[in-house]
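Structure first, commentary second.
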Amino acid sequence: MVVVIFGVSGAGKTTIGELLAQELHWKFYDADDFHPQVNIDKMERGEPLTDEDRQPWLQSLREAITRSLAANENAVLACSALKRKYRELLRVNADVKFVFLHGSRARIADQLKQRRGHFIDPALLDSQFADLEEPGPSENVLTVGLGDGPRELVEKIKTSLREQSG
């Protein structure tokens, strides 16, 4: 199984994803590590990525997910996956599960202010929310509201995964 933790920049995808992977003893992947340098440079300049910019990145992520599933390797992937069409591309099969970290712009802006050493310009948050297509019921996505601490959120995710597989 591959669990994709998604949401806008600053929602806590890496924090939650790393903790979930650690507790489940699964591999962790950060989608930021798959960006070509040209995308990183663009984001550092405060320029939002286009669908065209994201295409090679999304294809690399799809290939990584496919490799994990083919190797029977359980993994957690932290990835923005802002648009439905991105999630559809990443949903290689039914063994790919999605968890949406949902929070208000104000909450996420506060979380971004606490972050250090990340290449995304906090000013890009508006473009992230503009691009975000919140998942609808037909997508079969677990939505987790931000507010609890990371450990509590991970417990909710683990409980939901157990219920889905049980």
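The values are calculated or read from the model by the stated rules, or taken from the named source; none is laboratory data. Since the model is a prediction, treat every value here as computed from it, not as a measurement. All Cβ positions, even for glycine, are placed from backbone atoms using ideal geometry, and neighbour counts span all protein chains on display. The accessibility values were calculated without ligands, DNA or RNA, using every heavy atom of the protein model including side chains. Shrake-Rupley method; radii C 1.70, N 1.55, O 1.52, S 1.80 Å.
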- All conditions in (1) more than 25 Å from residue 109 (Cα to Cα); (2) within 17 Å of the chain's Cα centre (by Cα) are true of residue 8 except (1)
- Query: Could you count how many residues in region 29-39 are open to solvent by 40 Å² or more (accessible area, probe 1.4 Å) and without any contact (Cβ under 8 Å) to a residue 40 or more places away in the chain?
  - Reply: 5
- Pairs under 9 Å by beta carbon, first residue on the phi > 0 side of the Ramachandran plot in region 2-28, partner hydroxyl-bearing (Ser, Thr, Tyr), six or more apart or different chains? 7/80
- Message: Name the residue that is most open to solvent (accessible area, probe 1.4 Å), counting only residues in region 40-73 that are in contact with a helix residue (DSSP H, G or I) (Cβ under 7 Å, 6 or more places away or on another chain) and touching a residue at least 60 places away in the same chain (Cβ under 8 Å).
- Response: 48
- Query: Exactly one of (1) assigned to a helix (DSSP H, G or I); (2) in contact (Cβ under 8 Å) with a residue 24 or more places away in the chain; (3) open to solvent by 80 Å² or more (accessible area, probe 1.4 Å); (4) charged (D, E, K, R) is unmet by residue 134. Its number?
  - Reply: (1)
- Those residues of region 1-37 which are over 11 Å from residue 76 (Cβ atoms), assigned to a helix (DSSP H, G or I) and β-branched (Val, Ile, Thr) amount to 15
- Task: Looking only at region 45-54, count how many residues are more than 16 Å from the chain's Cα centre (by Cα) and either of a type in the set (D, E, K, R) or at pLDDT 95 or above (or both).
- Result: 5
- From (1) within 18 Å of residue 124 (Cα to Cα); (2) surrounded by 15 or more Cβ atoms within 10 Å (Cβ to Cβ); (3) in contact with a helix residue (DSSP H, G or I) (Cβ under 9 Å, 6 or more places away or on another chain), pick out the condition that doesn't hold for residue 102. (3)
- Task: Give the number of residues within region 62-113 that are of a type in the set (Val, Ile, Thr) and part of a helix (DSSP H, G or I).
- Result: 3
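Can residue 64 be described as among the aliphatic types (A, V, I, L, M) and in contact with a Lys or Arg (Cβ under 7 Å, 6 or more places away or on another chain)?
no
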- Go through region 4-32 residue by residue and tally those that are closer than 19 Å to residue 92 by Cβ and at pLDDT below 95. 0
- Task: Determine whether region 81-98 contains at least one residue that is in contact (Cβ under 8 Å) with a residue 60 or more places away in the chain, touching a Cys at 6+ places or on another chain (Cβ under 8 Å) and open to solvent by 10 Å² or more (accessible area, probe 1.4 Å).
- Result: no
